[in-house]
C-alpha cells in the first residue's frame with residue numbers, strides 16, 4: 001500500500017509539474033493597445049482628434065441655446081509593432097473582441113502581416129503599418145477598419161469650421177456652424193459623415209473643426225486631460 005501510495009503521489013507531482021511548465025511556456029494573447037479616446041473625458045472638457053460618424057441632421061441647438069452636434073466616435077484597433085513582430089503560428093491575437101488562433105502567418109515585404117490567409121478567407125485578417133510603432137487591421141483593399149468607441153454630444157466652438165474636400169485634395173469648401181444648422185440653405189443637405197472620411201477636432205470639450213475628404217491628418221491617440229500621458233501617436237487617412 002505504501003508503494004502504491006508513493007507511486008500515485010509521484011504521478012500527481014509529475015502532472016502538476018507538467019501543468020506548471022506548460023503554463024509558464026504558453027505566450028499571452030496579443031491584445032490591442034488602448035484607443036486613448038475617452039468619451040467621458042472629452043465631454044468633461046478634454047481635447048482630442050478622432051474619426052467619427054454622424055449625419056447633417058445631428059447638428060442642433062441645445063437647451064442652453066448653443067449649437068451642438070451628436071456623433072459616434074471611432075478608433076482603429078492598433079497593435080504594438082514589437083508584439084506583432086514576435087507573433088508566431090499557434091499564438092492567439094484578439095481581433096474585433098475575438099480570440100483568433102494564428103494558424104498561418106505571412107510577413108510581406110511591405111510590412112504587412114497576413115493571418116490565416118487574409119480577409120479574403122473566413123477567419124482571415126491582414127495587419128498593416130504606416131509608421132514604425134503600430135499595426136492596424138485593414139480590409140481587402142487596404143483601408144483601415146474602425147470600431148465604435150462611444151457616443152458624444154458636444155457644443156460647437158464659436159470659431160467652428162467644417163472643411164469639405166468632396167474628394168478633391170486641392171479644393172475645399174468651408175462652412176461655419178450657422179451653415180451646419182441651416183444646411184438646406186447652405187446646399188450641404190446630402191453630406192454624410194463616416195469614420196473612413198471624417199476627422200473631428202475637439203478642444204476643451206468643444207468641436208473646433210470637422211474635416212471631410214481626402215486629407216492626411218495627424219491623430220493623437222490620446223484624450224488630452226489633466227494628468228494624462230500620451231501612450232503613442234499615429235496617423236490615419238481620411239479617404
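The values are calculated or read from the model by the stated rules, or taken from the named source; none is laboratory data. These figures come from a predicted structure and were not determined experimentally. Positions of Cβ are backbone-derived with ideal geometry, glycine not excepted, and every protein chain shown enters the neighbour counts.
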Residue pairs meeting the criteria (Cβ under 9 Å; at least 6 apart or on separate chains; first touching a residue at least 40 places away in the same chain (Cβ under 8 Å) and on the phi > 0 side of the Ramachandran plot, in region 134-158; second surrounded by 19 or more Cβ atoms within 10 Å (Cβ to Cβ) and in a loop (DSSP other than H, G, I, E, B))
150/37; 150/38
Quick one: in region 89-126, of everything that is in contact (Cβ under 8 Å) with a residue 40 or more places away in the chain and either within 19 Å of the chain's Cα centre (by Cα) or part of a loop (DSSP other than H, G, I, E, B) (or both), which residue is farthest from residue 146 (Cα to Cα)?
91
Please name all residue pairs, on different chains or six or more residues apart, with Cβ atoms under 6 Å, provided the first residue is in region 197-208 and is closer than 13 Å to residue 39 by Cα and the second residue is part of a loop (DSSP other than H, G, I, E, B).
204/45; 205/45
Being assigned to a helix (DSSP H, G or I), in the same structural domain as residue 213 (by TED's automatic domain parsing) and at pLDDT below 95: is that true of residue 15 here?
no
Kindly indicate which of 133, 101, 114 is at pLDDT 95 or above and surrounded by fewer than 18 Cβ atoms within 10 Å (Cβ to Cβ).
101
